[in-house]
Amino acid sequence: PGSEVVGTLVALLLLVGSLAVSLGADLAGDGSGGGRFELRRLARGAGALVVLGALLAGTAQIGFLFPKASSEQVVPPMRPQLPPPAPDRVLFTVQSERPVTWRLGTLDVYREPAWLTPPFDTGRLVPLPKSGAVPAAAKGETRGALTADKTFTARFTLADSAGKMLPTLAGAVEVSGGPQLEYDPRTQSVRVPGTRPRRGTTYTVVAKVPPTGRDLAAAPPPGPAQEEFLAAPPAPVEVTNLLGEAPENAFARLQFVRNAYFANVVAAGAGRPVDVPPARVVEMLQGKSATPYEITAGEVLLARWAGIPARIGYGYFGGEAKSGTVEVRPRHGATWLEAYFGGHGWVPIVGTPPRARVTLNKDQQNGDPSVRASNELALVTYVPVRLQTVRLLYEVVRYYAGLAVPFLLAGGLLLFFLPALVKALRRVLRSRRAGQLGRQARIAAAYAELRDAGTDLAIGTPAMTPLEFVDAVAPDPEHRELAWLVTRALWGDLARDLTDEDVRAAEAMSRSVAKRMRTAQPGFSRVAALAARSSLVAPWTRELPALWPERRRFLSPAPITVGLVLALTGGLVLAGTRGGAPPPTGPALPELAAPATLGDLRFVPEPEAEKAYAATGSTSLASSGRVFSIRQGDVVQGSLQVAGLVPDVDVRSRRVREQVLRGLGSGRFTPVRIGDERAYRVRLPEQTLLLAFDRSGRSYSLMVTRTAFRDAERVFAAVLAYRRGAGTPSLLGPADVPVPDPRRGSPS
């Protein structure tokens, strides 16, 4: 400290010295100057440096250049920020002797209408010593004699915990074995001063055993240091009347208010931090539903109105037991009431509303068996909508190119191998025509096949005589014998004396020579000869059927290509309209949507939930819908939803059915046979979805029930039978029979 001026003077001295040495070197190089001149120059520079240093030191005293650094960084209270949705993962594991809350921090400032975070002051943080002993909290907190000697231990191991705040315990007296930590006496939280801790960081927390109700009832009143945690707006009349009936003892008074509060409030929805004005607390006291955060915020306000210092504690509660440890995940996040009692400090008081609205949303469910379902229903109405997506040009081209590939491939193969088909047909027609004309024609037809094969292989020309063609290929005695036989039979002495034996010999030798000539060529040449048009354009003879006009007016590639394009276009049109069923007709919704009762179940219409079909707007594919809650006594087991579709949507289309199924639950539906209907089923961890499409194509029925409801399939079968007019529905329907996969065949 205080070395800024000295460091700056040293830097100036080095800078002036370097300039003096540089100038002296330049003057010496020019031959000017001398010893006396150098001494005078250095003396003047030293004097200037002294004056400059004095000015710098004097300026530093008034804090102009070097203001005093501030060690205080205070962040004022603010509304808690809602973090983005976190993926399901293990945040940390705990080995604890007691199941308690795993604290992160508090919300202790109330400025109507919201709870705010405490002011963050770095000067308030206290580094924990190597022993890990937690200093006594500020503002007069003491450790009560009733619990000072009773402690328990919890061992934390971080897995994927974000941020610098570390989970700890309420009433911690020692935190050891981990990284260097800082302790906040106001919130009793610990944090890492540097970067976030690494995965696998392990530390141990020793905390006071939570006090019992008897201990809290005997606690002395809080001191004046806790008055700021009583700040609250004036209590509403309803709360004042309630407090007028409460006992005087602080703990008994708190319990009286909490019991009245939890006897009416109904938990519903996810716990997002929102504003909680006094009027909202009155609504919850009167039985309105509220989120877990609202319930805790109202509970803390009630505690302050009752005269007990209170704040919101947040962190995690519970977890999944795994081999002696507890895995804590994001879904175990929780808030709770923390109340201050003399001699015990801040004590977490965890309460659970005895009633909660039934929800079929698996992200908002709590598996606490002590929570009873209320008469209210948190219904999730599924409405099919038309998704508006941006489709790029290349995607459209790729889609239609994929449709056209089979037709283009077939057309290309047909165009490529059309000459081979024509040559095969020509061979048959030549043979028939030659049989009608006589022995000479038969020999000419057999030899023409050899010469045309040579033309396609680019061997010789059609104008060569048989004997000239012999010299165009490798020497072959059989080929030469064939050439003489053809020459004598067609133009020489054998023309009048041909026998059937000569004809058969010519045909056999022609096939033999042609086979050897093709075999001697590489494979690519043979394929090219198969598709070549050379022998069609210029055959060895046109006196026999050629099947290819000499000038290629009708079977040229251009007309063939045009024909293939027309055929391709027609094929695409047929592919687009193939299997198109007539548009569905009739009413969208069935006349019989659901029975009034089914055994001990009641199907109660839910007009509020049905408004979702109209609220979706122009993107909705459902023109109308009916929603029923399925009630068994005072417990809501699920819902039945019947959606009528707009006229241009037909669920008889396999593509439409698949898109509807993909949008529900996990999308992994299994075909099942329920009663006489083909349906689809998916079982999720907390609910079962059953869906059946109407045979008319205008509607579908969806039943969503809790997983614990075992009669879902039988109830759905009875509802579908009732809709077909089968009379009084019954639960004695057949069990599920999987639908056989047509690709694998039926077991029968």
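Here residue 322 is the anchor, and the aspartates and glutamates within straight C-alpha reach of less than 19 Å, apart from those fewer than 8 places off in the same chain, are 88, 97, 160, 368. Extension gain for the segment residue 518 to residue 658, taken as residue separation times 0.36 nm less the Cα-Cα distance, is 44.9 nm to one decimal.
Using alpha carbons only, what's the Rg to Rh ratio of region 140-280 with Rh from Kirkwood? Intermediate values should be presented prior to the final figure.
Values: Rg = 19.4 Å, Rh = 18.9 Å.
Rg/Rh: 1.03.
Can you check what the net charge comes to around residue 349, using other residues whose Cβ is under 10 Å from the Cβ of residue 349 (Lys, Arg +1; Asp, Glu -1)?
On the way: positive: 258; negative: 299, 338.
Value of the local net charge: -1.
Listed peptides 282-293, 298-309 appear in the order 298-309, 282-293 once ranked by packing, highest mean of other Cβ atoms within 10 Å at the front.
In plain terms, the C-alpha convex hull of region 232-350 casts an average shadow of 8.4 nm² when viewed from every direction.
Take each of the peptides 15-28, 450-463, average the number of other beta-carbon atoms within 10 Å over its residues, and list them starting from the highest. List each step's numbers first, then the result.
Numbers: 15-28: 12.5, 450-463: 19.6.
Top of the packing list down: 450-463, 15-28.
Taken over region 431-552, the alpha-carbon convex hull comes to 103 cubic angstrom per residue. Within the straight-line cut-off of under 17 Å between alpha carbons, the aspartates and glutamates reachable from residue 423 are 449, 452, 456, 543, 550, sequence neighbours fewer than 8 places apart in one chain being disregarded. Taking amide H positions as placed 1.01 Å from N in the peptide plane, with prolines and chain starts having none, which residues 5 or more places from residue 687, or on another chain, fall under 5 Å of its amide H? Counting only residues 5 or more places away or on other chains, the set is 707.
Just so you know, all these numbers are worked out from the coordinates, no wet-lab data involved. Here the structure is a predicted model, which means the values were calculated and not measured. Here the Cβ is made from the backbone with ideal geometry for all residues, glycine too, and neighbour counts use every protein chain on show.
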